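Trainee: Here it is, the structure, as structure tokens.
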Amino acid sequence: MSGRQVISELVLEPGTGKAIELLKGQILRVEQVEGGQCADFNAFNLHDYKEFMHCGRTRTVHGFHPTTGTFMWSAPPRERAMLYILEDTVGRNDVLFPRCSAYVYEASYGFAVHTNCHDIQAEAQREYGLTPDDVHDSFNLFMRTGMGADGRGFITRQTSKPGDYVELLALIDVLAVPNVCGADLMRTSNFSIKPVRLSVRQASAAERAAVPEVRRLRSQRTPADFRVKQIKVDRELRRDPSYAAEFTNVPIRCFDLPVALDAKEHALLRSSTLVEFYGGDEAAALRDIVFSWWETSYLGRL
């Protein structure tokens, strides 16, 4: 969108990444320069790095290829919408594959030294005191992936063109860390490594207002709710001799919940193949039917 205030601009060269303080209401645009380049992306709560963007949670809510109108979520137990995909001119991103690493190139291709997303992310994050252990699975921008009939994921050729971009709107203050993907030995970026352009812009009031409302729920916990509130500073794990288990929601209690069906409804239930699948257990079949309805009508709106 024209007319936005451009706060900063940068071209990321191959083999590099950049940690950027992206404040609430600001937009990070990741743009193709030559086209056909994957960009990996990490994000952390700027004020608490233990809250980070979680591909698993994002994948569960939005599928393998989140695009315009979806969120990047943080990991449990925070589970907050951290960023919103405001615009995506290609519509092909990935949260299925992990970041590439030095091990991948040595184990698969025999290269003990090779640029890779984990090491690039670790170096970019080092500017803010983070370690290689803090790098998390990447949101892979512009990366074309899929799932084969054998259940194995695959990566196919890039289709992005010069000028294509993804815009990420910060919903909280984040440390945003994009990098040029180092995968030049596969189809990820069409067997090459090319620069990408970054720019930080101020979102308009209309753009901020257009973000769908995300409800705040009681189950979204913060460190104030943790029994152990301090971050562990040493690496070795030792048992706490004073530990006493306090699991949430136990003891678990089960009870029957009667569901009245008229003759027509009962006949419809009996005709379902799910009754046979559950060994004649009509209650289990009914739960499955109700869940299927909920899954299609509600889950996609989370």
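The values are calculated or read from the model by the stated rules, or taken from the named source; none is laboratory data. Remember, it's a predicted structure, so these values are computed and weren't measured experimentally. Using ideal geometry, Cβ is built from the backbone for each residue, glycine included, and neighbour counts are taken over all protein chains shown. The area values use the complete protein model at the heavy-atom level, side chains included, leaving out ligands, DNA and RNA. Shrake-Rupley method; radii C 1.70, N 1.55, O 1.52, S 1.80 Å.
Trainee: Can you name every residue in the stretch 30-44 that is touching a Cys at 6+ places or on another chain (Cβ under 9 Å) and of a type outside the set (Gly, Ala, Ser)?
Mentor: Passing the criteria: GLN37, CYS38, ASP40.
Trainee: Specify which of the listed residues (GLU31, GLU51) is crowded, with 16+ Cβ neighbours inside 10 Å, without any contact (Cβ under 8 Å) to a residue 60 or more places away in the chain and of a type in the set (D, E, K, R). Give the derivation first.
Mentor: Values: GLU31 fails: without any contact (Cβ under 8 Å) to a residue 60 or more places away in the chain.
None of the other options fit; the residue is GLU51.
Trainee: Which of the residues belonging to the stretch 157-167 are part of a loop (DSSP other than H, G, I, E, B) and among the aromatic types (Phe, Trp, Tyr)?
Mentor: none
Trainee: Something else about it: Identify, please: which residue in the stretch 128-156 is in contact (Cβ under 8 Å) with a residue 60 or more places away in the chain and assigned to a loop (DSSP other than H, G, I, E, B) and is, among those, most open to solvent (accessible area, probe 1.4 Å)?
Mentor: Top of the filtered list is TYR128.
Trainee: Quick check on the stretch 35-42. Is at least one of its residues among the small types (Gly, Ala, Ser), touching a His at 6+ places or on another chain (Cβ under 8 Å) and part of a strand (DSSP E or B)?
Mentor: Pass one, the stretch 35-42, residues among the small types (Gly, Ala, Ser): 35-36, 39.
Next, from what is left, pick out any that are touching a His at 6+ places or on another chain (Cβ under 8 Å): none.
No, the stretch 35-42 contains no residue that is among the small types (Gly, Ala, Ser), touching a His at 6+ places or on another chain (Cβ under 8 Å) and part of a strand (DSSP E or B).
Trainee: Of all residues in the stretch 108-127, which are outside any helix (DSSP H, G or I), open to solvent by 80 Å² or more (accessible area, probe 1.4 Å) and of a type outside the set (A, V, I, L, M, F, W, C)?
Mentor: Within the stretch 108-127, GLU127 is the sole residue that qualifies.
Trainee: Could I ask something else about it? Quick one: which residue in LEU268, LEU274, LEU286, LEU257 is of a type in the set (A, V, I, L, M, F, W, C), in a helix (DSSP H, G or I) and open to solvent by 100 Å² or more (accessible area, probe 1.4 Å)?
Mentor: Values: LEU274 fails: open to solvent by 100 Å² or more (accessible area, probe 1.4 Å); LEU286 fails: open to solvent by 100 Å² or more (accessible area, probe 1.4 Å); LEU257 fails: in a helix (DSSP H, G or I).
Sole residue among the options that is of a type in the set (A, V, I, L, M, F, W, C), in a helix (DSSP H, G or I) and open to solvent by 100 Å² or more (accessible area, probe 1.4 Å): LEU268.
Trainee: Related question: Any idea which of (1) outside any helix (DSSP H, G or I); (2) open to solvent by 40 Å² or more (accessible area, probe 1.4 Å) is the one ARG78 doesn't satisfy?
Mentor: It fails just one condition, (2).
Trainee: Can you go through LEU83, LEU10 and tell me which one is in contact with a strand residue (DSSP E or B) (Cβ under 6 Å, 6 or more places away or on another chain), part of a strand (DSSP E or B), open to solvent by 10 Å² or more (accessible area, probe 1.4 Å) and not basic (Lys, Arg)? Before you say what the answer is, go through the steps one by one.
Mentor: Numbers: LEU83 fails: open to solvent by 10 Å² or more (accessible area, probe 1.4 Å).
It is LEU10.
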